[in-house]
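Here is the structure we will look at.
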Amino acid sequence: MAITNETVLDPSIDRRLAVDLDAAEKDELVAYQDSLGNWTCGRGHLMPQAAPGRSWLGFSVVQSTSDSWFNTDIMSATAFAKKLPEFASCDTACRQNALIELCFNMRGRWVAFNVARRLIQGQ
């Protein structure tokens, strides 16, 4: 389901960011393995490690759960991005959203991109 005017987002989330992320992420209500083999559900929501002998295969959620995870994941990525030194150099909402989107998709792996991070800091 795509972001619409009726989609409930936390007021702290920039709707343009949510729309961009929603367009890039399929909203899968049945768990699937991503390109790295991680179990994922909703809009790229990473599932925790399954219990020994269990799997996320066949697990499904309702739309409201996917929407809730989406809100939480965006807010988590935003909090992570705001702690990065390059965030202060993102002087427009568009630049901030771009960094938040990177963190949404890469999280901690983003910190290894030192050259790109320095270039952002130097604008």
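The values are calculated or read from the model by the stated rules, or taken from the named source; none is laboratory data. Just so it is clear, the structure is predicted and the values come from calculations on it, not from any experiment. For neighbour counting, all protein chains shown are included, and Cβ atoms are generated from backbone atoms with ideal geometry for every residue, glycine included. Please note that ligands, DNA and RNA were not included when accessible areas were found on the heavy atoms of the full protein model with its side chains. Shrake-Rupley method; radii C 1.70, N 1.55, O 1.52, S 1.80 Å.
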Most positive-pole-ward Cα, PHE87, PHE59, ALA77, against dipole of segment 53-96 from beta carbon charges: PHE59
Per-selection Kirkwood Rh - the chain (Cα, Å, 1 d.p.): 15.5 Å
Highest average packing first - 95-105, 23-33, Cβ atoms within 10 Å: 95-105, 23-33
Accessible area of the chain belonging to carbon and sulfur atoms, whole % at 1.4 Å probe: 57 percent
Listed peptides 106-113, 68-75 by packing density, highest first (mean Cβ within 10 Å): 68-75, 106-113
Contact order normalised by residue count of segment 1-77, Cα under 8 Å, 6+ apart, percent: 30 percent
Probe 1.4 Å, accessible area per residue of segment 1-112, Å²: 59 Å²
Segment 12-123, relative contact order in percent, only Cα pairs under 8 angstrom and at least six apart counted: 22 percent
Computed [θ] at 222 nm, deg cm²/dmol, the chain (DSSP H ≥ 4; -39,500 (n - 2.57); rounded to nearest 500): -13500 deg cm²/dmol
Nearest-20 debye value, the chain charge dipole, Cβ charges on Lys, Arg, Asp, Glu: 520 debye
For segment 77-123: Kirkwood Rh in Å [reciprocal of mean 1/r, alpha carbons]: 10.3 Å
Hull volume in cubic angstrom per residue (convex hull over the Cα atoms of segment 13-70): 85 Å³
